[in-house]
Amino acid sequence: MSNETLQAVRGMNDILPDEAELWLWFEDVVKGWLASYGYRNIRMPLVEPTALFKRAIGEVTDIVEKEMYSFEDSLNGDHLTLRPEGTASCVRAVLQHNLLYNAPQRLYYSGPMFRHERPQKGRYRQFHQIGVEALGFAGPDMDAEQILMCARLWKKLGLTDVTLQINTLGDSACRHRHRAKLIAYFEENLASLDAEATRRLHSNPLRILDSKNPAMQALIEAAPKLMDELNEEALTHFAAVQEILARHGVAFEINSRLVRGLDYYNRTVFEWVTTKLGAQGTICAGGRYDGLVEQIGGKPAPAMGFAMGVERLLVLLQESGMALPKPGVDVYVVHQGELAGKLASTVAEQLRDGNLRVLLHCGGGSFKSQMKKADASCARMAVVIGDDEVAANEVSVKPMQGGAQVRVSVENLTAAVNKLIKQE
Ligand code: ATP
Ligand code: MG
């Protein structure tokens, strides 16, 4: 057997403790933000039947055609897939458990998603999303609520360099008319299509508009516009969304080329984009998907949702220069001698009873070497216990950022530490 050190799968990252501090802080902010809009948490499995994603996302999409981690269960032959996104699983769970029986639902989930893409900055094979789904809401008020929610989160996080793009995809009748016109248009210009566009011409012509190939941009620019096919209801809905956004002072740009990568969207779609992350500039994306519930086998129900990419958001956050929480504990307890060791563990538990974060030194060593560890731990205080302290039933407290060491009784320790922390 080889002794070579094993590495993580390419594109799948370890999040090490220093970085995880930022994740925890971010997750806390997000939790409070979601609660402030009344969204409730739902947790689905990471693995689903492959058929779910084929049906929900669409066969002719980047995700289903080339990005899914699909495999056959070697024990029973089931066709399974590591989830590439959360909407399909969320709708599946809602239907399976009949959650839409007598009330609409505002839900959110978070966790890893898996896509076999070429790894690069802001694009990984395992990445994390926070997804928000509102099921059973048909009106433009919900579309606006979700966009306003995002705006509030960026504000909470101190992100200023994000802009909003919105579009409407209309309803299925408009999309069918548009699709027919697009096919006719691209057929007339067959020679200008690249291989991918030619392949998609009849299966998913709308996706050709999403092409990043510079050679096709002029052709795409002049293609028939969905805007010209929209019916009265879809236009009214879109106008209402815009009116609410404007009323709340949320700036947006209408991008008629925004079609989103998945088949299930209709009416409002949106993306929050930054110029700071290069080609991976979309940090949050979503839209209305009124047809999906029925497509997955439920009674028809309208729905609207979005997902944000946590890795991309965290990079932006780090670049924004925001003051992030300090790592480390409140107290590091150093001690020498058998009795001091016993008192040290009692004192550590007592401090934790007072909701302080405490590292109890383990593994012996001189006071000097223990103090070095206290320093390295970024603790704010060291509590020092030696024979002298034990004899007096006291401990010494030393502020790590300088300041005089003080002796306090064991009984008064928690109060004394809290007071010193306040004075910092
Ligand atoms: P992109 O156009 O960048 O491939 P997408 O349209 O495939 O994005 P969605 O399926 O809408 O992305 O997912 C929502 C968000 O999840 C994206 O806006 C992005 O922030 C994030 N995301 C998607 N794919 C990845 C990935 N491979 N690595 C990191 N983040 C990702
Ligand atoms: Mg993608």
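Miscellaneous remarks
- DSSP-defined beta bridges in segment 292-424 - what % are antiparallel, rounded to 5: 50 percent
- Residues 141, 171 ordered from highest to lowest accessible area at a 1.4 Å probe: 141, 171.
- A helix-only calculation puts the chain at -11000 deg cm²/dmol for mean residue ellipticity at 222 nm, using -39500 (n - 2.57) for each DSSP H run of at least four residues, averaged over all residues.
- Sequence of 163, 275 from largest to smallest accessible area, 1.4 Å probe: 275, 163
- Bridge type composition, the chain - antiparallel percent by DSSP, nearest 5: 80 percent
- Seen from a random direction on average, the alpha-carbon convex hull of segment 44-199 projects onto 13.3 square nanometres.
- About the centre of its Cα atoms, segment 93-252 shows a dipole size close to 760 debye [charges on the beta carbon of Lys, Arg (+1) and Asp, Glu (-1) only; nearest 20 debye].
- Rounded to two decimals, the Cα radius of gyration of segment 275-424 over 2.2 N^0.38 Å is 1.70.
- Principal axis extents of the C-alpha atoms in segment 177-334 (largest first, rounded to whole Å): 79, 39, 36.
- Sequence-distant residues sharing a close amide H with residue 69 (under 5 Å, placed H): 82, 116
- Cβ charges +1 (Lys, Arg) and -1 (Asp, Glu), total dipole of the chain, debye: 340 debye
- Accessible area in the full protein assembly, largest first, 1.4 Å probe, for 143, 387: 387, 143
- Using only Cα coordinates, the Kirkwood hydrodynamic radius of segment 267-309 works out to 11.7 Å.
- Alpha carbon centroid spacing (whole Å) that separates segment 346-395 from segment 240-285: 52 Å
- Projected over every direction and averaged, the convex hull enclosing the alpha-carbon atoms of segment 176-255 yields 6.2 nm².
- Here segment 63-181 is treated with +1 on each Lys and Arg Cβ and -1 on each Asp and Glu Cβ, and its dipole about the Cα centre works out to around 440 debye.
- Residue 178 accessible area, 1.4 Å probe, all protein chains in place, Å² to nearest 10: 0 Å²
- Along its principal axes, segment 328-408 has C-alpha extents of 29, 28, 26 angstrom, given from the largest down.
- Scaled against 2.2 N^0.38 Å for its residue count N, the alpha carbon radius of gyration of segment 256-344 is 2.01.
- Solvent accessible area, Å² - residue 116, 1.4 Å probe, full protein context: 80 Å²
- Size of segment 28-133 as Cα extents on the principal axes (Å, biggest first): 40, 37, 27
- Set the Cα radius of gyration of the chain against 2.2 N^0.38 Å, with N its number of residues, and you get 1.27.
- Inter-part distance where segment 3-56 and segment 69-107 are each reduced to a Cα centre, Å: 16 Å
- Segment 129-234: chymotrypsin sites (Phe, Trp or Tyr not before Pro) in DSSP loop, at most 13 other beta carbons within 10 Å: none
- Dipole-positive endmost among 397, 204, 282 within the chain (Cβ charges, Cα centre): 397
- All Cα pairs of segment 91-143, percent lying beyond 12 Å: 72 percent
- Rounded accessible area of residue 162 (nearest 10 Å², 1.4 Å probe): 20 Å²
- GNM flexibility winner over the chain from 238, 71, 114 (Cα, springs under 10 Å): 71
The values are calculated or read from the model by the stated rules, or taken from the named source; none is laboratory data. All values derive from a computational prediction rather than experimental measurement. Don't worry about glycine lacking a Cβ; one is built from the backbone with ideal geometry, like all the others, and counts go over all protein chains shown. Ligands, DNA and RNA are excluded from the accessible area calculation, which covers all protein heavy atoms including side chains. Shrake-Rupley method; radii C 1.70, N 1.55, O 1.52, S 1.80 Å.
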